[in-house]
Each structure stands twice: as structure tokens, then as C-alpha cells.
Amino acid sequence: MPLGFERRFERRVKRTIMEHGLINKDERIAVACSGGKDSAVMLHLLNKLGCKTEAVFIDLGMGSYTENSLKSAEELCAKEGVKLRKISLKKETGKTMPEIIKNSEKSGISPCVACGTLKRYILNKKSRELGADRIAMGHNLDDIAETVVISMITGKIELAMRIGPVTESYDKRMVSRIRPLFFSEDCDVLRYCRIARLPFFSGKCRYSSNALRPFVRKMIIQMEEKCPGAKKNIVSNFIKIKEKWKGSRPKLKSCMQCGEPSLKNLCRACRIINAAGIRS
Ligand SMILES: [Zn+2]
């Protein structure tokens with residue numbers, strides 16, 4: 001008898017974890033929990049596999065969007081019996097995301113870049129302080145295919161270097177990041193989330209409409225119509241190329257402002273935070 005959808009979905013995630021060495025025995029996993037379907041499914045499955053999980057929610061200070069996201073994250077963690085840690089962006093940086101975005105746009109930094117940078121920055125710092133061995137991120141196959149295309153068309157090689165089921169740490173201040181849903185399609189994650197009756201919030205961020213990502217998403221959907229399997233091929237072929245890559249990782253300095261690991265004297269998170277402090 002062929003396996004049902006649920007079992008097939010779970011098996012794919014388990015295989016991603018096993019084949020790519022995402023989690024070693026007894027490792028502590030900080031699960032980035034946004035309140036959305038991807039992080040809900042990821043937390044549920046890591047729990048089901050018996051991993052030592054703890055959820056981390058970043059309060060971006062975005063009004064009802066944040067409130068609804070948090071409500072879903074709280075319901076999910078209560079259902080799963082997982083501890084939820086709420087981290088406030090305002091407490092960490094002195095500013096909310098709308099305050100940061102308002103000014104970073106004037107400095108030519110897109111809202112998604114500012115938000116993504118600060119979320120990664122806080123997740124790394126907090127997960128390290130919590131003693132977590134890994135940070136689990138909910139990116140699915142569709143997100144990854146988009147990131148591959150974006151890194152190619154914008155020429156951002158450092159973005160491409162981070163793409164993979166696991167981003168190993170090459171500096172003791174950086175916590176390794178894992179993506180258990182790396183090979184799972186967006187539509188399947190949603191279907192599984194509904195079958196498993198996991199609470200999630202599907203609201204859209206009001207800043208994302210002008211971003212490059214939604215445009216690339218539409219482009220990949222069109223590619224898929226013309227050439228079925230395009231999305232999976234983008235990701236799997238990129239991984240094959242990356243495995244042959246001989247590029248070395250640059251040595252990290254310490255940010256002169258916050259002390260976190262950084263490529264430059266001032267880390268990107270601090271540059272974004274500082275830009276938000278300049279009054280127009
Ligand atoms: Zn810094």
C-alpha cells in the first residue's frame with residue numbers, strides 16, 4: 001500500500017535531518033517561531049522526533065501583525081508543550097521594526113533586508129546565550145528556490161553561501177543553522193499544517209509587497225508551468241554546485257559597537273540600527 005501524504009511528508013523531513021546531519025544526539029535546538037505555518041510544522045515534527053526544543057519568538061513591534069503572530073505561537077507552544085521565549089526587538093535595539101524601516105529605506109536598505117538581518121542577529125545572539133547547539137529555521141523549498149534565484153540575479157555571493165539544509169558554524173560565536181523543511185514544498189507544508197491542526201497565522205507583512213521576493217516567486221511559478229520540476233531542480237542543482245565550491249569562509253572580527261561577530265568593524269545589524277537613529 002502506498003504511504004499516505006502525512007507519512008510521506010514526515011519521512012521527507014526526517015530524511016533531510018538524517019542525510020544532511022542536521023541534528024546530533026542530545027543537541028539543544030532553538031526553534032525560530034514566527035507564528036506562521038512553516039515554523040509550526042517544523043516545531044511539531046522536531047518534537048515528534050524527540051528533539052530537545054525551545055521556541056524563540058521575536059517581537060518586532062508591528063502592532064496587530066505582531067499580536068496575531070504571537071497569539072498563534074503561544075497556542076502552538078502550549079499545544080506542543082514547548083517553552084516559548086519572547087525577545088523584544090525594541091528592548092534589544094531600542095527601536096521597533098517600523099521605526100527601523102522608516103529610516104533604513106532612506107539609507108537604501110530594503111525593509112526585508114533590514115528585518116532579515118536583525119532577526120538573524122538576535123536569533124544568533126539569544127540562541128548562543130541560551131546554550132543552544134542549533135537554530136532551526138522554517139524555510140521551505142519554495143523559499144530556498146527564491147533565495148537561489150535572488151542570489152544569482154543580484155550577484156550576492158555571501159547570500160548564496162548560506163543556502164543549504166545546514167549552515168555550519170565556522171566561528172564559535174555563530175550558532176549553526178538548520179532547515180528541516182529544506183526539501184518540502186510550500187503547498188505541502190500548508191496541507192500538513194492543516195491536517196495536524198496546528199495553530200498558525202497567515203497574515204502578510206505590510207512591507208513585503210515591494211520586495212524582490214514576491215516578483216521572483218511569480219517568476220518561479222511561471223517557470224514551473226513551462227517546465228515542471230523547475231523549482232526542485234533550481235535547489236538540487238545549486239546544492240550540487242555548492243558542494244564542489246572551494247571558496248573559503250572569511251575570518252570574522254568583533255563589531256566595535258556591540259561585540260557580535262562581524263565581517264566589518266561595524267556589523268550590519270548595528271549599521272541598520274544606527275541608520276534608524278538619524279533624524280531626517
Ligand atoms: Zn554590531
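Brief remarks follow.
- The residue pairs whose first member lies in region 242-260 and is away from the ligand (no atom under 16 Å from the Cβ), whose second member is at pLDDT below 80 and part of a loop (DSSP other than H, G, I, E, B), and whose beta carbons are closer than 9 Å, counting only pairs six or more residues apart or on different chains, do not exist in this structure.
- Residues in region 70-93 that are touching a residue at least 12 places away in the same chain (Cβ under 8 Å), within 25 Å of Glu260 (Cβ to Cβ) and not aliphatic (A, V, I, L, M): Lys83, Arg85, Lys86, Ser88, Lys90, Glu92, Thr93.
- Each residue in region 146-163 was checked for being more than 20 Å from Lys251 (Cα to Cα) and within 17 Å of the chain's Cα centre (by Cα), and 6 of them qualify.
- Selection within region 216-262 - loosely packed, with under 12 Cβ neighbours inside 10 Å and under 24 Å from Ile101 (Cβ atoms): Lys218
- Selected residue [assigned to a helix (DSSP H, G or I) and of a type in the set (Gly, Ala, Ser)] from Ala73, Ala55, Ala132: Ala73
- Residue ID - nearest to the ligand (Cβ to nearest atom), chosen from residues in region 261-276 that are touching a Leu at 6+ places or on another chain (Cβ under 8 Å) and aliphatic (A, V, I, L, M): Ala269
- Tyr192 meets each of the listed conditions (1) away from the ligand (no atom under 16 Å from the Cβ); (2) assigned to a loop (DSSP other than H, G, I, E, B); (3) in contact with a Lys or Arg (Cβ under 9 Å, 6 or more places away or on another chain); (4) touching a residue at least 12 places away in the same chain (Cβ under 8 Å) apart from (2).
- Of all residues in region 96-136, those being touching a strand residue (DSSP E or B) at 6+ places or on another chain (Cβ under 9 Å) and at positive phi number 1.
- Search result, residues across region 202-246 that are among the hydrophobic types (A, V, I, L, M, F, W, C) and within 22 Å of Tyr65 (Cα to Cα): Cys205, Ala211, Leu212
- Among the residues making up region 85-118, those that are part of a helix (DSSP H, G or I) and of a type in the set (Val, Ile, Thr) are Thr93, Ile100, Ile101, Val113, Thr117.
The values are calculated or read from the model by the stated rules, or taken from the named source; none is laboratory data. Just so we're clear, the structure is a prediction, and the values are computed from it rather than from any experiment. Positions of Cβ are generated from backbone atoms using ideal geometry, with glycine treated the same way; all protein chains shown enter the neighbour counts.
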